[in-house]
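The values are calculated or read from the model by the stated rules, or taken from the named source; none is laboratory data. For clarity, every value in this text was computed on a predicted model and none was experimentally measured. Quick reminder, even Gly has a Cβ in these numbers, built from the backbone with ideal geometry, and neighbours come from all protein chains shown. What goes into the accessible areas is simple: the full protein's heavy atoms, side chains included, and nothing from ligands, DNA or RNA. Shrake-Rupley method; radii C 1.70, N 1.55, O 1.52, S 1.80 Å.
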Amino acid sequence: TAQVSWAAQLRDQQERDVTEMGRLKQQVGGLLDPKSARTRIPSGQLEVTKLTDANKASPSQSVVTSTEFHPDGRLMMTASLDRRVRFFGVDGIKNPHIQSIMFEDMPVTKAQFVDTGSKVLCAGRRKFFYSLDLETSKMEKVAKIFGRQERSFESFIANDQSDTVAFIGQDGSLPLVSVKSRQLVGTLKMSGSVRAGAFNDDGTYLCTNGGDGIVHVWDMRQTRACVRAFRDEGSLGATSMAVRGGLLASGSKSGI
């Protein structure tokens with residue numbers, strides 16, 4: 001593990017790549033200028049230019065299970081079943097490999113930025129999970145959540161604006177864990193199995209969906225009560241969820 005923080009490495013790399021970024025802007029021309037873009041791109045038409053693969057500098061040796069941009073947009077993370085989490089400075093030209101973290105005892109099934117982007121939570125098909133501090137590169141293994149007997153903590157729902165992470169537990173349970181204390185702070189219980197979920201933008205509400213197609217909306221501020229439950233019409237079992245602004249999107253096996 002590198003001793004220099006990813007932030008310092010990224011700053012150094014960005015200084016070296018400032019010339020290449022200038023060339024990229026010249027290539028795309030006025031597309032980066034809002035005023036000229038209105039005259040160059042016709043209404044209703046979307047043009048896409050393929051850039052360098054984000055992880056070209058260090059491809060994963062197995063299935064990529066997670067990809068996510070850091071909240072500040074300068075860093076991208078990938079996680080893989082090859083037991084590594086990799087970080088890249090994404091500029092569209094070189095996308096330099098900043099750092100890799102290896103987990104000797106856990107193929108990573110999910111990794112996500114938490115705590116306003118200062119930490120990364122990493123989980124696998126294990127009874128434990130890891131918390132990684134990006135500034136210090138310190139990795140902490142959370143061996144057990146007191147009061148829970150889950151066989152695996154391989155999947156969770158998180159939001160970089162919330163201190164609370166909801167693990168997808170057994171029998172419709174959602175153990176809630178504090179990012180800062182790594183302690184159990186509560187448990188939610190759905191009517192069916194938990195398949196997917198998402199926090200709203202500021203982390204005050206959590207939406208979850210399960211195998212029975214019932215969407216639950218939880219108020220996460222104090223009581224953590226279910227404030228609404230409704231059927232996701234056409235669902236044959238949830239596969240994914242997303243919440244942005246006042247909109248909720250729910251995907252299911254039916255393709256709806």
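Pop the C-beta distance of Glu150 and Gln45 into the FRET formula with R0 = 41 Å and round what comes out to the nearest 0.05.
Efficiency, rounded to the nearest 0.05: 0.25.
Could you run the Debye sum over the Cα atoms of region 143-256, one equal point scatterer each and no solvent, and tell me log10 of I(q)/I(0) at q = 0.09, 0.16, 0.17, 0.21 Å⁻¹, two decimals?
Taken in order of the listed q values, log10 I(q)/I(0) reads -0.21, -0.68, -0.77, -1.17.
Taking the mean number of other Cβ atoms within 10 Å as a proxy for protection, how do you rank 82-91, 54-63, 227-236 from highest to lowest?
Ranked from most to least packed, the peptides come out as 82-91, 54-63, 227-236.
What residues qualify as long-range amide H neighbours of Arg83, i.e. H under 5 Å apart, gap of 5 or more or another chain, H built at 1.01 Å from N?
It is Val108, by chain and number.
With only Lys, Arg, Asp and Glu charged, each at its Cβ (+1 for the first two, -1 for the last two), find how big the charge dipole of region 47-177 is about the Cα centre; round to the nearest 20 debye. All intermediate terms of the calculation are to be shown ahead of the outcome.
Numbers: 17 positive and 17 negative charges, 92 e Å.
Approximately 440 debye in magnitude.
Step through the residues of region 102-115 one at a time and calculate ³J(HN,Hα) from phi using the Karplus curve (6.51 cos²θ - 1.76 cosθ + 1.60, θ = phi - 60°), rounding each to whole Hz and writing x for Gly and Pro.
10, 10, 4, 10, 7, x, 8, 9, 7, 9, 8, 5, 9, 6
Once the convex hull of the C-alpha atoms of region 104-152 is built, how many Å³ does it hold per residue, rounded to a whole number?
Cα-based convex hull of region 104-152, divided per residue, equals 79 Å³.
Leaving out ligands, DNA and RNA, and with a 1.4 Å probe, what % of the accessible surface on region 173-222 is carbon or sulfur? It would help to have the intermediate numbers written out before the result.
Numbers: 880 of 1870 Å².
Looking at region 173-222 in its full context, I get 47 percent from C and S.
Can you tell which of Ala198, Ser252, Gly210 lies farthest toward the positive end of the dipole of region 168-253, using +1 and -1 charges on the Cβ of basic and acidic side chains (Lys, Arg; Asp, Glu)?
Working it through, the farthest residue towards the positive pole turns out to be Ala198.
Using the C-alpha gyration tensor of region 121-208, what are the square roots of 5 times its eigenvalues, in whole angstrom, with the largest one first?
On the way: eigenvalues 82, 54, 23 Å².
The answer is 20, 16, 11 Å, longest axis first.
Over what distance in Å are the Cα centres of region 73-114 and region 207-256 separated?
Here the answer is 29 Å between Cα centres.
Residue by residue through region 44-55, what is 3J(HN,Hα) from phi via Karplus (6.51 cos²θ - 1.76 cosθ + 1.60, θ = phi - 60°)? Round to whole Hz and write x for glycine and proline.
Each residue's phi maps through the Karplus curve to give x, 10, 10, 10, 10, 10, 6, 9, 4, 3, 4, 10 Hz.
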